[in-house]
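Before any comments, here is the structure.
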Amino acid sequence: MITLLGAAPDTGNQGVSALCRSAVAGIRSRGFDRIAVADHGRGARRAFWWIGGEETGVDLFGLTNNRRLWRGDCLRTVSALARLGGLGNSAARSILGSRAVLDVSGGDSFTDLYGEKRFQAMCRSKRLALDNGRPLILLPQTLGPFRDPQRKAEAVDILRRATAVWVRDQRSFDFLKDELGADFDPARHHLGVDMAVLLPETVPAKPLPDEICNWLHDDRIPVAGINVNGLLYQRETEACAAFGLAESHRAQASAAARAVLDSDPAMRLLLVPHVNRPEGDAESDWSACRALEDELRVTYGARVATLPQIYDACELKWIIARCDWFAGARMHSTIASFSSGVPTLGFGYSDKAEGVFAECGIEQDVADLRVLDAQSLGRVVRASLRRRGLSRKTLKEQMAFVRARAGAQMDMIADAIRRAEG
């Protein structure tokens, strides 16, 4: 059995789900039939996912960084029981019975930027494998930054003990080389690409709203998609302070959307949530998209619509792939776009977006929200729209190379699993 950590499919964040399904699909297609995935549920369960039109069975078990020590999914409890042989705990048994433990840290959470609780969750899950003698393979992810020297030392110790490490951007790779020093090994430590470039598309199981369906199936109607980051949009003051945005994301998103709609009277704008949360939740992309739609409909009427938040990562990729142009602040919404050959503009608010785009050869297509105010972002959007025909041709060639690189990367990960067993 192979166990996957740090990619819980039940968070509502479709970027994390994209990494989960990409890893499961990639590993399964390379001969590893039994895969267990940690989520936030209770106990051991069996699930069947549609990935790329194929039903894929996975084993699920709960593993949560909480203080409810009496619960079997508590990470601290699982760690203690694993040292005692598992004692009937499904999560501990999964770790102890694994040929290898894969960990992707949600793509960007192996850092201390998000606070002590998340940092310790990332470290505890990895030590769960290491302390029980299981090979730990870190899948392509961002490392750091680490502001606290003690936390950085803790992270580097884990990196040094891991069987293999893949990162998805040059800055993380430089960090790995610098911190490991003489322990850096090109056979174990690799610069790669985000796994989600190989995420399969799946035709949505639930029908699209009629107006959106008509847009996407009528070649005469140009359709642009924009993802609005709910956290940046709804907590604009805090986001400006935390990420150093040049202007509120509410103003930036409005300017970008208006630039799209003003570019062509026939243009339709599809607002795409990529983090699904209940209405009113601070991180809800859907709430942010709906608020922006309400604003835009005053001027543009029925030329703008919000996609319901009922589609999974594979289905969202199928929908995004049918746009003529796409932009977004949630990085994996843009990965779904450019990996499908859609001209894409990333709205970056940290260094991770540019790093991931750079590994795919399109770093010029990141608009830095920390530098561009609303008016400047509108100009960048208009320029990106004007060159979308050329961008599509360039992407077709570039993505063929990137997909081949991602496939070779997954081959290497599968080989690392097999070597670890020996």
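The values are calculated or read from the model by the stated rules, or taken from the named source; none is laboratory data. Note that the structure is predicted; figures quoted are calculated from it, not measured. When we count neighbours, we look across all protein chains shown, and the Cβ atoms used for this are built from the backbone with ideal geometry, even at glycine. Please note that ligands, DNA and RNA were not included when accessible areas were found on the heavy atoms of the full protein model with its side chains. Shrake-Rupley method; radii C 1.70, N 1.55, O 1.52, S 1.80 Å.
The slack between Arg147 and Phe243, meaning 0.36 nm per residue of separation minus the straight C-alpha distance, is 33.1 nm.
Once the Cα-Cα distance is subtracted from the 0.36 nm per residue extended length, the Lys206 to Gln364 segment shows a gain of 53.3 nm. Only lysines eight or more places from Lys152 in sequence, or on another chain, were considered; those with a Cα closer than 24 Å are Lys117, Lys126, Lys177, Lys352. How about region 221-307: which GluC sites (Glu not before Pro) there lie in a loop by DSSP and see at most 12 other Cβ atoms within 10 Å? Here the GluC sites (Glu not before Pro) that fit, given the DSSP loop and packing criteria, are Glu279.
In the assembled protein chains, Lys117 presents an accessible area of approximately 140 Å² (probe radius 1.4 Å).
Listed by number, the DSSP H helices of the chain that run 30 Å or longer by alpha-carbon position along their axis and have mean Kyte hydropathy of at least -1.0 are 388-421. Spin-label pair Ser376-Arg46: with each label point 7 Å from Cα along the Cα-Cβ axis, the two points sit 5.6 nm from one another. Look at the alpha carbon pairs under 8 Å that are at least 6 residues apart: their mean separation over the length of region 94-196 gives a relative contact order of 27 percent.
Taking all C-alpha pairs of the chain, those more than 34 Å from each other amount to 29 percent.
The listed peptides 258-269, 324-335, 167-178, ordered by packing as a protection proxy, come out as 324-335, 167-178, 258-269 (highest mean of other Cβ atoms within 10 Å first). Using the Cβ of Asp33 as centre and a radius below 12 Å, the other residues enclosed give a net charge of +3, where K and R count +1 and D and E count -1. Normalising the average separation of contacting C-alpha pairs (under 8 angstrom, six or more residues apart) by the number of residues puts the relative contact order of the chain at 15 percent. Relative to its residue count, region 1-52 spans a Cα convex hull of 81 Å³ per residue. Here's the list of lysines a cross-link from Lys206 could span, going by alpha-carbon distance under 23 Å and ignoring same-chain residues fewer than 8 apart: Lys317.
Taking the helices alone, the chain has a mean residue ellipticity at 222 nm of -14000 deg cm²/dmol, built from -39,500 (n - 2.57) per DSSP H run of at least 4 residues and averaged over all its residues.
Residues in the chain average 40 Å² of solvent-accessible surface per residue, probe 1.4 Å, ligands and nucleic acids excluded. The relative contact order of region 17-170, computed from alpha carbon pairs under 8 Å that lie at least 6 residues apart in sequence, is 16 percent. Projected label points at Arg34 and Phe184, each 7 Å from Cα along the beta carbon direction, are separated by 3.9 nanometres. Share of the chain's accessible area from carbon and sulfur, percent, 1.4 Å? Heavy-atom surface of the chain belonging to carbon and sulfur, 1.4 Å probe: 49 percent.
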